[in-house]
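Undergrad: Sharing a structure with you now.
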Amino acid sequence: MRQALISRNTLETQISVSINLDGTGKCHFDTGVPFLEHMLDQIGRHGLIDIEIIAKGDLHIDAHHTVEDIGITFGQALASALGDKRGIRRYGHAYVPLDEALSRVVIDLSGRPGLVYEVQYTRATIGQFDVDLFSEFFHGLVNHSMMTLHIDNLRGVNAHHQAETIFKAFGRALRMAVEMDGRMGSLTPSTKGTLIG
């Protein structure tokens, strides 16, 4: 089983992330940021990844540190659970619609961090959640999982729908990328022979 448990403790946040890449989509969250939890649940359910995230952060200031550090710790957990990445598909992609909204996410578990984030939300907040923080979440995740990630919201009017299509598509693309490829066997899907750093 490809699992990891990672903790991150700073003066701003205390985060614990547990994942199982070969799970069933079972999720539990206690972060103090309800809309982020709703989005993280999309990753787990559509990625068939078991995820537990417990976070305590300086929410009396705002949600920035908590959201960013959850992204960092989730990225570290992904990297740990993937190990040397032998036998994985490596690449994943998904288009997901929700009513008028449509997003595309493409992943390369390349060992090289890179984020292209083309999203223009139609409003600045969803409930109490600042949509700018989604970019911080994905930057933290990419830099610490060492993946290349392209996120494009192709259309959308409702900001909630825009966000949900992004996270559902990310979960679907991640599910494809981490899947074991029976034809690959124990080989690394790279002519370099490694996908680590």
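Undergrad: Compare N143, N158, N20 in a GNM of the chain, Cα atoms joined below 10 Å, and give the one with the largest fluctuation.
TA: Result for the chain, Cα springs under 10 Å: N158 fluctuates most.
Undergrad: Something else now. From Cα pairs below 8 angstrom and at least 6 apart in sequence, can you work out the relative contact order of the stretch 3-178, rounded to a whole percent? The partial results should precede the final answer.
TA: Numbers: 439 pairs, mean separation 49.1, N = 176.
It rounds to 28 percent for the stretch 3-178.
Undergrad: Another question, then. Starting from the Cα of L5, step 7 Å along the direction of its Cβ; do the same at Y95; then give the gap between the two resulting points in nm.
TA: Result: 4.2 nm between the two label points.
Undergrad: Here's something else I'd like to know. Roughly what would the spin-label model give for D84 and D132, points 7 Å off Cα along C-beta, in nm?
TA: Reported label-point gap for D84 and D132 is 4.4 nm.
Undergrad: If we sort 28-34, 121-127 on the protection proxy, mean other Cβ atoms within 10 Å, highest first, what's the order?
TA: Details: 28-34: 15.3, 121-127: 13.1.
For the peptides 28-34, 121-127, the packing ranking is 28-34, 121-127.
Undergrad: Between I196 and D22, how many nm apart are label points set 7 Å from Cα along the C-beta direction?
TA: The modelled label-to-label distance comes out at 2.0 nm.
Undergrad: Quick one: putting +1 on the C-beta of Lys and Arg, -1 on the C-beta of Asp and Glu, what dipole do you get for the chain around its Cα centre, in Debye to the nearest 20? All intermediate terms of the calculation are to be shown ahead of the outcome.
TA: On the way: 18 positive and 23 negative charges, 199 e Å.
Once rounded to the nearest 20, the dipole reads 960 debye.
Undergrad: Now for a different question. Out of residues 5 or more away from M147 or on other chains, whose amide H comes under 5 Å of its own, with H placed 1.01 Å from N in the peptide plane?
TA: G114
Undergrad: Based on the alpha carbon coordinates of the stretch 1-144, what radius of gyration and maximum Cα-Cα distance (Dmax) apply, in Å?
TA: 15.0, 44
Undergrad: What is the stretch 80-133 by shape, rounded, prolate or oblate, if you read a ≥ b ≥ c off the alpha carbon gyration tensor as root eigenvalues and call it rounded for a/c under 1.5, prolate for a/b larger than b/c, and oblate otherwise?
TA: It comes out prolate by the Cα gyration axes.
Undergrad: For D30 and N143 in the same chain, what is the full-extension length gain: residue separation times 0.36 nm, less their Cα-Cα distance, in nm?
TA: Numbers: separation 113, 0.36 × 113 = 40.68 nm, distance 2.35 nm.
Here the segment from D30 to N143 would lengthen by 38.3 nm.
Undergrad: Here's something else I'd like to know. Can you give the extra length, in nm with one decimal, that the chain gains between H60 and V116 once fully stretched, where that is 0.36 nm per residue apart less the Cα-Cα distance?
TA: Length gained between H60 and V116: 17.1 nm.
Undergrad: Checking the cross-link filter: which aspartates and glutamates have an alpha carbon closer than 16 Å to that of K85, excluding same-chain neighbours under 8 positions apart?
TA: D22, D108, E179, D181
Each value in this text was obtained by applying a stated rule to the coordinates, not by laboratory testing. Since this is a predicted model, take the numbers as computed values, not measurements. Cβ coordinates were reconstructed from backbone atoms using ideal geometry, including for glycine residues, and neighbour counts include every protein chain displayed.
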